[in-house]
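J.: My questions all concern the structure below.
The values are calculated or read from the model by the stated rules, or taken from the named source; none is laboratory data. Values in this document were obtained by computation on a predicted structure and should not be read as measured data. In case anyone asks, the SASA skips ligands and DNA or RNA and just uses the protein heavy atoms, side chains included. Shrake-Rupley method; radii C 1.70, N 1.55, O 1.52, S 1.80 Å.
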Amino acid sequence: MNQQIPGGSTNSNGGVPTSCLTGYVRVVALGDSATYGLGDRVGDHWRGWAAILTEAIGTAHHISFCNLAQSGATVRDVRGTQLGEALDHRPQVASLVVGINDVMRSSWDRSRTRADLLDCVEALTQSGAIVVTVRFHDHSRVLGLPRWLARPMRERIEELNAIYDEVCERFGCIQIDLEDLGIGAQRGYWAIDRLHPSEAGHRLLARNVAEHLNSLGLAFDLPPLAPTGSTADRRESARILLAASVPWLVRRARDLGPRAATRIVHAARNYAATPAPLERA
């Protein structure tokens with residue numbers, strides 16, 4: 001029987017496994033650049049929401065964390081290269097956030113994406129893991145795409161969300177609705193390239209997942225929402241992120257159309273250099 005989780009999500013495990021409350025909490029993160037941590041740079045590496053979450057869990061529990069996410073990963077990449085290693089880690093909590101790279105390609109295949117996501121979540125839940133996933137917001141609005149391109153992207157994201165809804169209904173997951181969370185509505189939640197969350201965005205997602213885990217019996221202090229990086233740090237992170245993101249956008253020109261790619265690159269390069277109000281809070 002599925003247990004209702006605040007916010008309408010479900011979990012078929014009936015709570016956090018007892019082993020989480022005494023020994024190691026084993027967490028694995030699968031997905032693409034958002035989970036890899038792009039947009040949240042600390043020192044010489046990218047951190048991201050999953051690392052922020054596990055750092056908070058680690059204040060109250062021994063923790064084993066394995067982040068397998070890779071920039072540019074598709075659902076097929078997760079199933080083919082990340083899933084096996086994730087299962088080897090024997091996770092009690094597994095996050096799976098992937099699919100935007102799929103919808104932004106001309107090779108988008110709803111049936112294949114559905115089959116791959118079902119296989120991934122089935123394998124993770126059968127191994128005993130609580131699966132954390134999302135419903136995506138309208139990326140076309142954040143990217144500022146023209147209407148002629150925004151409509152097909154929005155329709156693909158709606159198809160992807162319908163797949164995630166089916167997956168969560170079938171297997172039970174913690175599912176975070178990014179539209180309801182408001183992550184797509186405020187500039188401060190997004191990095192300079194508008195493709196990846198800023199530190200504030202990563203922290204908001206980590207905090208929300210932490211609240212769900214708390215409600216299931218895994219007790220630890222919630223991660224703080226306030227960004228910790230200085231203005232200089234954020235500007236340097238923005239420079240590094242643009243250097244990584246612009247080539248990716250150019251490679252997507254064939255799928256998105258040259259006009260759209262040019263628009264996005266131009267917008268990213270001219271994005272305000274000063275921190276947004278939310279980032280200064």
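J.: Can you give me the C-alpha center-to-center distance between the stretch 101-153 and the stretch 29-47, rounded to a whole angstrom?
T.: 19 Å
J.: Further question: In whole angstrom, how long is each semi-axis of the equivalent ellipsoid of the stretch 131-236, when you take the square root of 5 times every eigenvalue of its Cα gyration tensor and sort them from largest down?
T.: After diagonalising the Cα gyration tensor, the semi-axes are 24, 24, 8 Å.
J.: Next up: To the nearest µm²/s, what D does Stokes-Einstein give for the stretch 113-173 at 20 °C and 1.002 mPa s, using the Kirkwood radius over alpha carbon pairs as Rh?
T.: Estimated diffusion coefficient is 169 µm²/s.
J.: P(r) for the stretch 25-99: what percent of alpha-carbon pairs falls in each 10 Å bin, starting at zero?
T.: All Cα pairs considered, the percentages come to 21, 51, 26, 2.
J.: Now for a separate question. Compute the accessible area per residue over the stretch 65-136, keeping the other protein chains in place, probe 1.4 Å, unit Å².
T.: On a per-residue basis, the stretch 65-136 sits at 38 Å².
J.: So what J values fall out for the stretch 167-173 if you push phi through Karplus, 6.51 cos²θ - 1.76 cosθ + 1.60 with θ = phi - 60°, rounded to Hz, Gly and Pro as x?
T.: Result, ordered by residue: 4, 5, 5, 6, 10, x, 9 Hz.
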